[in-house]
Structures are given as structure tokens and as C-alpha cells.
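The values are calculated or read from the model by the stated rules, or taken from the named source; none is laboratory data. Since the structure is predicted, the reported quantities are computational estimates derived from the model, not experimental observations. Virtual Cβ from ideal backbone geometry, glycine too; neighbours counted across all protein chains shown. Ligands, DNA and RNA are stripped out before the accessible areas are found, and what is left, the full protein with its side chains, is counted by its heavy atoms. Shrake-Rupley method; radii C 1.70, N 1.55, O 1.52, S 1.80 Å.
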Amino acid sequence: MAGNGGEIQWCFSQVKGSVEEEVADADIISCVEFNSTGELLATGDKGGRVVIFQRDRASKNAVPSRGEYNVYSTFQSHEPEFDYLKSLEIEEKINKIRWLRQTNRNHFLLSTNDKTIKLWKVAERDKRPEGYNLKDEAGMVRDSANITALRVPIFQPMELMVEASPKRVFANAHTYHINSISVNSDQETYLSADDLRINLWNLEITDQSFNIVDIKPANMEELTEVITAAEFHPQQCSTFVYSSSKGTIRLCDMRDQALCDKHAKMFEEPEDPTNRSFFSEIISSISDVKFSHNGRYMMTRDYLSVKVWDLAMESRPVETYQVHEYLRSKLCSLYENDCIFDKFECSWSGDDRHIMTGSYNNFFRMFDRDSKRDSTLEACRDITKPRTVLKPRKVCVGGKRKKDEISVDCLDFNKKILHTGWHPLENIIAIAATNNLYIFCSKD
């Protein structure tokens, strides 16, 4: 699975999306999510569309196995809306997609924009009924006077059709913008979080949800922090965490009380006074939180770093990885162009040994938790030959620049990798770079 003493060598596999320089805003990918087997990969975009890719059988069975995906289904999940009471436009942009575990031959996923969550059923049809008594083959109603014998309808094979249909719509429960949804390990409930509240839903009930966290102060002028992300524990169905704009993570247990305003644990790292600046509070805001697959650790992403926390230790993270420390000196210009507010996500490898997160200039970062090695790789169309090994990139901060290095002043801040996904069982990764989806797999 890995070469060079355990380090994974990544190869180009595929790139999806158009090559035009001018990118339509609606085509920008806003979320990436593998299902629990990794056979399906879903992306959502700013135009409210969901595109599902299916693993290519031939590439999976090839030796060595390749990570190639083909379009399986495309559908419009959300449309732009208008809130007439507040005179606000509600964007169709898909904020999050979460798969439910497969229990039959159909697939189910949750998708959400700022206000409304939808449960979609994705089903295959390869047979159609024929031989009705009251209708002809064109579907027209037959004259009953001409019906002289009863026929038994039969199913005839047809070309495979994949249909996506909305099974449930969960609306009108969030005053503020939804930033997270997370399916519980019991596969019966899920949570949705906005800036100030977290709600618990039953997948069967659309008109009722339970408010389990509410941090809204009585006087909004006293508001000091907002909820930025929330996730259920992968095994313990009563436990969830949520992160805040102040850099804290609170772990709550629903067995303790129904309204989890009082947390069971709070994870917070003391601030280093030497790094204190005007931007400290902004860059300490957590943009993503993810439990490890084994449920022992959780990972948080702030603007400059990724931290790994042991659930048994609240005082400080057990591991800290600098993502782009060279940007610390550029915070002023990043504040002026609003990049400092970018929300980067992070991903665990299937075995929890590696961590991936995005950066600027279409760079993404890989961290090996065992060897403590890290690498910077680039998602670009210069390498589009399958099985081509990605060369590590280096950013030069000052002084003389070496041949393969790129100066920090030459980074393109419009090219950012915010959304990534890691196959749950294999070393296959999906990287969203603006309107393109890159798929890379390990060389071995």
C-alpha cells in the first residue's frame, strides 16, 4: 500500500470537469463524500446539483487496482428560493452530503443547502412492466369493448436507468445557515447544525425535530461565538461533538440530558502568547471536525493547522500539523481579500494513519501520523496520464528559490482546495479543485 518506508506514493487516476478558464459559479464543487463502501462518490455544487460517480469495475479488478469512477447519476437537489418574511434569497448551493449505510439494493443520501435538508433515494431500474389489460403499449387507455381476454403483465428487460427521487424534505427548522449534517450510528437519526443551534431528527419524521444545543444568548449583542461544525461519534449513538469559532470543541452526551447546553467535555488548547495578533481569533476558528474511524480520536482544522485530539485528554491536542505556516506573515493581505475566512475540510485515511487537508494554489497536504512525515501535492491538469506519480511541491518563503520550489508570493489564492474525500477502505482520494474533481490512488 505504501513505498519509501511506509509513505504513500500517489498517482494520477482521473479528472472530471471542464477545462475552460472561465468557470461558472454554479459549477464550483461545494462538497465531496464517499459512501461507506467507497463504491459511490457524491459531489454537490453551488448550482444545487448532486453528481454521483460509481467505481469502474474493470479498474477495480485490474492488477494493480486503479481508482476510476464513472458518472452514475446526476440530479437537481435544491433550487434557489426566496424567504419573503426576511426578504432573503436562499442559495441552492449544496453545503453537505452524507450517505446512509446501504441496507438493500437502493442507496440513500442526505443533502442540504442553507435551510432545507432532503433525503434522496437512488434506485436502479433495468426492467419495465408490459402487457397491461386497460392500457396499450403506448400507455393509452384501451376501449373496454375491445378487451376480450385477461392478460398477466410481465416484466421485460430494459436499458439500465438510475433514478433519484426525494423521499423526505426536512425544512423550516433552522433560522441560521446549516453548516453540518451527520448521520447517527443507529442509522435512524441525524443531526443538523447551524450557527447557533443543533437539531436532532428522525429520518422518518419531517415535521418535528428536537433542539439539542442552543447557544443563542438572550441579547444578541452578547454573542461571542458560533457553531462551525458538528458530528456524531462513529460508534456511540449518544455522543456528538461540535466546534466553535473560538477554537473550542465540546463533546456532549445525550444520555446525560436532552438539551446538551452543558457539555460533558471541552477540548481547548491554551493560546501561545508569542503568536498573539489581531488575527488570532479569526485563524483559531475551527472549520471542520472529524472523528477517526476507530472513534478514539478526533481531528480539527483551523486556518493554519490540523490538530488531532485524544477523547480522553481535553487539555491539549496529541498531534499538531502545520498546513501552511508560511502564510502567517501574509495574514494581513489574506484578511483584505477575505481568504482568511475560507473553510478548509480534512479527511482521515481508512486506517486512521494518514490525514489529508487542502491549501491554496491547488495544493493539498498529506500527513503520516506514524513517521511524522508530511508532503505537499498539487492537483493540476499538467499531469493527466494515468499512473503518473505526483511529485512533492515545496513553497519557498524567502531567500534563494530552488528549481522545483514556488515562492509564497506566487501562490494563487483563487485556486483553493476546500473539499476532500478519502475512500474508507483503500488509498483512493477525491480532491475538489474549483469545478474539477481529481481522483488519485496509491501507486501499489
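Before moving on, here are some points about what is shown:
- Under Stokes-Einstein, with the Kirkwood radius over Cα pairs as Rh, the value for segment 97-136 at 4 °C and 1.567 mPa s is 100 µm²/s.
- Across the cross-link table entries LYS86/LYS115; LYS167/LYS216; LYS290/LYS343; LYS46/LYS415, which are compared at the Cα atoms, the separations over 20 Å belong to LYS167/LYS216.
- In plain terms, the C-alpha convex hull of segment 382-444 casts an average shadow of 5.8 nm² when viewed from every direction.
- Gain in span if fully extended, PHE210 to ARG255, counting 0.36 nm per residue against the direct Cα distance: 14.8 nm
- With a Förster radius of 35 Å applied to the beta-carbon distance between GLU222 and TYR326, the computed FRET efficiency rounds to 0.40.
- Over the residues of the chain, the helix contribution to mean residue ellipticity at 222 nm works out to -500 deg cm²/dmol, using -39500 (n - 2.57) for each DSSP H run of at least 4.
- For the Cα trace of segment 331-414, dividing Rg by the Kirkwood Rh returns an Rg/Rh value of 0.99.
- Cα lying deepest toward the dipole's positive end in segment 342-444, options THR376, MET356, ILE417, charges on Cβ: THR376
- Average 1/r across all pairs of distinct alpha carbons in segment 325-378, invert it, and you get the Kirkwood radius: 12.6 Å.
- Using Cβ point charges alone (K and R +1, D and E -1), the dipole size of segment 51-114 about the Cα centre works out to roughly 720 debye.
- For segment 100-245, the Kirkwood estimate of the hydrodynamic radius, built from every pair of different alpha carbons, is 18.8 Å.
- Karplus-derived 3J(HN,Hα), 6.51/-1.76/1.60, for each residue of segment 69-83, Hz, glycine and proline x: 10, 10, 4, 9, 7, 10, 8, 7, 7, 10, 10, x, 10, 9, 8
- Rg(Cα)/(2.2 N^0.38 Å) for the chain, N = residue count: 1.08
- Segment 261-327 - convex hull of alpha carbons, volume per residue in Å³: 116 Å³
- Isolated Cys in the chain, by beta carbon distance under 4.7 Å: CYS11, CYS31, CYS237, CYS332, CYS339, CYS346, CYS380, CYS396, CYS410, CYS441
- In the context of the full set of protein chains, the chain has a per residue accessible area of 50 Å² (1.4 Å probe).
- Relative to the compact-globule estimate of 2.2 N^0.38 Å, the Cα radius of gyration of segment 37-77 comes out at 1.34.
- Full extension of the chain between ASP351 and GLN76 yields a length gain of 95.6 nm, computed as 0.36 nm times the residue separation minus the alpha carbon distance.
- One way to sum up the overall shape of segment 64-123 is the equivalent ellipsoid from its Cα gyration tensor, whose semi-axes run 30, 14, 10 Å, largest first.
- Pairwise Cα inverse-distance average, inverted: Kirkwood Rh of segment 302-444 (Å): 16.2 Å
- Solvent-accessible area of HIS293, all protein chains in place: 80 Å² (probe radius 1.4 Å, heavy atoms, ligands and nucleic acids excluded).
- Accessible surface of ARG296 - all protein chains present, 1.4 Å probe, nearest 10 Å²: 130 Å²
- For LYS400, a cut-off of 18 angstrom between C-alpha atoms picks up these aspartates and glutamates, skipping any fewer than 8 places away in its own chain: ASP409.
- The translational diffusion coefficient of segment 1-145, from Stokes-Einstein at 37 °C and 0.692 mPa s with a Kirkwood hydrodynamic radius over alpha carbon pairs, comes to 175 µm²/s.
- Semi-axes of the equivalent ellipsoid for segment 180-336, Cα gyration tensor, largest first, Å: 29, 18, 14
- Alpha-carbon Debye profile of segment 181-252, log10 I(q)/I(0) at 0.26 Å⁻¹: -1.19
- Charging the Cβ of each Asp and Glu at -1 and of each Lys and Arg at +1, and nothing else, the dipole of segment 46-178 about its Cα centre rounds to 680 debye.
- Percent accessible area from carbon and sulfur atoms, the chain, protein chains only, probe 1.4 Å: 49 percent
- Cα-based reach from LYS385 at 19 Å (exclusive), listing lysines while leaving out same-chain residues under 8 positions away: LYS16, LYS60, LYS443
- Partners for LYS391 among aspartates and glutamates (Cα-Cα distance below 18 Å; same-chain residues under 8 apart left out): GLU7, ASP368, ASP374, GLU378, ASP382, ASP404, GLU405, ASP444
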